[in-house]
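Here is the structure we will look at.
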Amino acid sequence: MPTTINASTATAVASKKLTMVADSNIASLDEFFNVQTLSQDKYQTVNIVKVAGRDINAQLIAELQPEVLLIRSVTQVNHQLLDDNQSVRFVGSATIGTDHVDQDYLIKHNITFANAAGSSKHSVAQYVLTAILTLRPEYWQQPPTLGIIGLGNIGSILAQYAADLGWQVLGYDPLLPASKINNASFEQLVSQSDVISLHVPLTEKKTHDNLDSSDYPTRYLINKTVLAAMPSETLLINSARGPVIDNAALKIDIEKTGRQVVLDVFEHEPQVSEQLLSKLTIATPHIAGYTLEGKLRGTQMVYEALCEAFVVTPTQAMQQLLPVNMYLWSELKAYPDRLMKFYDIMQDDKELRAAVSDGQVSGADFDQLRRDYHLRREWQN
């Protein structure tokens, strides 16, 4: 079930029309959000206004007066977006992360919020495995030590895949109790891992006036000091949030050590400088979670939360929209040479690099790569 806050008894009042503003990059919007799947005698029409996520702004919300706002991570939901609006009663983010949403503001204004926690956990874990095994195929036979920083939905699933391959896992998550996988200090993980994969939210240093803060801030978690303590042969992968790594320090480190680094997210995203891109071993345009299953699962979780808030019985399910999936995890383990058939990560890298113009990948080109991405399939377990 989706994670929700302020699950108010927001029973939809009988109306002629339900208006929704939605990020056009959310999968299968029309299939999940229509009169048949939402109305049940409450509405005569359901109007979905599809907009690029970065174009959802206060002016648009004020003009359209939607009751429902459906977003992804590129839309910042806060008082700047919603203060001039009295219509929005539900905000749904078809993403795992929530650092783009001011949840305290939504609670204060009695706006129900739901996100798709865990929707793409297998997709991202499989992305990480693909990156590792593409660069170091010897790890199929020579189990490495995998360091996982952040053991929530994605990190814990990645640990399960690693254990299934016979790899040693060092895990660090200061917000969770010690366990079989939460078994190392930060310093031990950094110094002893063959591969380090980051799976943390973006949080800031705790201050009195900053509600979105943490005793364990993650901005620049990987900085000059940490990189200096990391063996040069350690492979570093970030599919979490770009500013978790100090990209300026990272460039210097790669120049000095020749470290292999895989980035799916970037500090100054959606712009990516060619100077940084040229130093990375693999670079992809924030698509680690972009599988058909992950996308549909995210949409379904938000749809179900909306149905709950508006007292509607869900009638749509992702299984009705999925074609047959022939990609089996058991097959890949038995035939490792089929990895490229399962996911050719180097093609995604090639397309991002091809988008460089005038020394960088522009925000528009970065977003277009994401919007036009051919969704791969999750590997069935």
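The values are calculated or read from the model by the stated rules, or taken from the named source; none is laboratory data. Worth saying up front: this structure is predicted, and the values here are computed from it rather than measured. Neighbour counts run over all protein chains shown; Cβ positions are idealised from the backbone, glycine included. These accessible areas exclude ligands, DNA and RNA; they are computed on the full protein's heavy atoms, side chains included. Shrake-Rupley method; radii C 1.70, N 1.55, O 1.52, S 1.80 Å.
Given the pairs Lys17/Lys295; Lys121/Lys341; Lys50/Lys205; Lys16/Lys50, which span a C-alpha to C-alpha distance of over 24 angstrom in this model?
Pairs exceeding the cut-off: Lys17/Lys295; Lys50/Lys205.
May I ask you to derive the FRET efficiency for Asn34 and Phe186 from their Cβ-Cβ distance with R0 = 56 Å, giving the value to the nearest 0.05?
The formula returns an efficiency of 0.70 here.
Taking each pair of distinct Cα atoms in segment 225-324 once, what is the resulting Kirkwood hydrodynamic radius in Å?
16.3 Å
Looking only at Ala283, Ala117, Ala52, which one moves most when the chain is put into a Gaussian network model with springs between Cα atoms under 10 Å?
Of Ala283, Ala117, Ala52, the Gaussian network model singles out Ala52 as fluctuating most.
Alpha carbons only, please: Rg and Dmax for the chain, in angstrom.
In Å, with Rg to one decimal and Dmax whole: 21.2, 65.
Counting pairs of alpha carbon atoms under 8 Å apart in space and at least six apart in sequence, what relative contact order in percent does the chain give? Working shown, then result.
Details: 722 pairs, mean separation 64.4, N = 381.
Relative contact order for the chain comes out at 17 percent.
Which whole number in µm²/s is D for segment 20-131 by Stokes-Einstein, with the Kirkwood Rh taken over Cα pairs at 10 °C and 1.306 mPa s?
Numbers: Rh = 14.9 Å.
It comes out at roughly 106 µm²/s.
Ignoring ligands, DNA and RNA, what percent of the accessible area of segment 321-367 is carbon or sulfur (1.4 Å)?
Whole-percent figure for carbon plus sulfur exposure: 55.
With all protein chains present, how much of the accessible area of segment 46-181 (probe radius 1.4 Å) comes from carbon and sulfur, to the nearest whole percent?
Ligands and nucleic acids excluded, carbon and sulfur give 48 percent.
Let me check something: with ligands and nucleic acids excluded, how do Met326, Met230 order by accessible area (1.4 Å probe), largest to smallest?
Largest accessible area first, the list is Met326, Met230.
Specify the residue with the greatest mean-square fluctuation among Ser273, Ser197, Ser179, computed from a Gaussian network of the chain linking alpha-carbon atoms under 10 Å apart.
Sorting by GNM fluctuation, first place goes to Ser179.
Roughly how many percent of the accessible protein surface of segment 266-305 is carbon and sulfur, given a 1.4 Å probe and a whole-percent answer?
With neighbouring chains kept in place, the figure for segment 266-305 is 45 percent.
Under 37 °C and 0.692 mPa s, how fast does segment 304-381 diffuse according to Stokes-Einstein, given a Kirkwood radius computed over C-alpha pairs? Answer in µm²/s, whole number.
Answer from the Stokes-Einstein relation: 202 µm²/s.
With a 1.4 Å probe and every protein chain left in place, work out the accessible area per residue of the chain in Å², rounded to a whole number. Write out the running numbers ahead of the final one.
Values: 16920 Å² over 381 residues.
Here the residues of the chain average 44 Å² of exposed surface.
Considering only DSSP states other than H, G, I, E and B, which GluC sites (Glu not before Pro) in segment 172-275 qualify as loop sites with at most 15 other Cβ atoms within 10 Å?
Glu233
Based on DSSP H runs of at least 4 residues, each adding -39500 (n - 2.57), what is the mean residue ellipticity at 222 nm of the chain after dividing by all its residues, to the nearest 500 deg cm²/dmol?
Value at 222 nm, helices only: -9000 deg cm²/dmol.
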